[in-house]
1. Can you name the number of the only condition in (1) surrounded by fewer than 19 Cβ atoms within 10 Å (Cβ to Cβ); (2) outside any loop (DSSP other than H, G, I, E, B) that residue 259 fails?
2. Restricting to the stretch 29-56, count the residues that are in contact (Cβ under 8 Å) with a residue 60 or more places away in the chain, surrounded by 18 or more Cβ atoms within 10 Å (Cβ to Cβ) and out of contact with any strand residue (DSSP E or B) (no Cβ under 6 Å at 6 or more places or on another chain).
3. In the stretch 164-196, which residues are buried (at least 19 other Cβ atoms within 10 Å of the Cβ) and closer than 17 Å to residue 30 by Cβ?
4. What's the number of the condition residue 230 fails, among (1) buried (at least 19 other Cβ atoms within 10 Å of the Cβ); (2) touching a strand residue (DSSP E or B) at 6+ places or on another chain (Cβ under 8 Å)?
5. Would you please name the residue that is farthest from residue 62 (Cα to Cα), looking only at residues in the stretch 111-134 that are buried (at least 18 other Cβ atoms within 10 Å of the Cβ) and touching a helix residue (DSSP H, G or I) at 6+ places or on another chain (Cβ under 7 Å)?
6. Only one of 181, 195 is closer than 22 Å to residue 133 by Cβ and either in contact with a strand residue (DSSP E or B) (Cβ under 9 Å, 6 or more places away or on another chain) or modelled with pLDDT under 95 (or both). Can you tell me which?
7. Would you mind telling me which numbered condition in (1) touching a helix residue (DSSP H, G or I) at 6+ places or on another chain (Cβ under 7 Å); (2) assigned to a strand (DSSP E or B); (3) within 27 Å of residue 168 (Cβ to Cβ) residue 48 fails?
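The values are calculated or read from the model by the stated rules, or taken from the named source; none is laboratory data. Since we're looking at a predicted model, the values are computed, not measured. Reconstructed Cβ throughout: ideal geometry from the backbone, glycine too, with neighbour counts over all protein chains shown.
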């Protein structure tokens, strides 16, 4: 399929690869001195977040999978939990009836789409204190790009921590998608830094236009005002990382995705 797209002119060499490499450099995980902890499952459904959860008012979690262990962990830490997914009838892991859990049978996307709930409207309608910090865990099968593009800077600033799984990363090399990804991530990187990166081993790494990428990539973002840059994260994988799919071949974050400038 990649070669077919190339013949149609959707992919180019040269400048597209340079822009992709520059984007990857901006996503290299940073070490702020705040340790990472694991929330949720031991495998898929578990994520690493900075140990900076105190006073977080709520978790917004679009995309409900087979487990709601991450959400249950947030609930146990005193957060209200908001979930949304039109493909299921409710949360998993037996948390649906617990106080503080709110579920909407809707897909989350950009404002103006009749079939989508916008993140802005969702937060506004939640009645959570407008001055309180929030956390997000987003796994919505490619709709993460439109959600980031649609979110206002003020809304993004409310989220102290965001965990986002990015899909179809191999297609970031497409000139049609690359500007979209640059714009979506650029909005978030103004206020947040990447503090953890983990490839989902459901899919193996690929080389696209000479650049090694992981098609499914989990990134954890931490708001910049919460801590200062200390160094580049150099322990990859992190000791708390685990394969999403046990028994499937391990996928390690490619070397071009971590370390200092030019992979140092």
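1. (2)
2. Selection size over the stretch 29-56: 4.
3. Once the filter is applied, which keeps residues that are buried (at least 19 other Cβ atoms within 10 Å of the Cβ) and closer than 17 Å to residue 30 by Cβ, the stretch 164-196 yields 164, 185, 188, 192, 193, 194, 195, 196.
4. In the conditions (1) buried (at least 19 other Cβ atoms within 10 Å of the Cβ); (2) touching a strand residue (DSSP E or B) at 6+ places or on another chain (Cβ under 8 Å), residue 230 misses (1) alone.
5. It comes out as 133.
6. Details: 181 fails: closer than 22 Å to residue 133 by Cβ.
Step by step, each of 181, 195 is checked, and only 195 is closer than 22 Å to residue 133 by Cβ and either in contact with a strand residue (DSSP E or B) (Cβ under 9 Å, 6 or more places away or on another chain) or modelled with pLDDT under 95 (or both).
7. Every condition holds for residue 48 apart from (1).
Table: residues versus (1) within 20 Å of residue 87 (Cα to Cα); (2) part of a strand (DSSP E or B); (3) more than 14 Å from the chain's Cα centre (by Cα).
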residue	(1), (2), (3)
115	yes, no, yes
120	no, no, yes
123	no, no, yes
129	no, no, yes
132	no, no, yes
142	yes, no, no
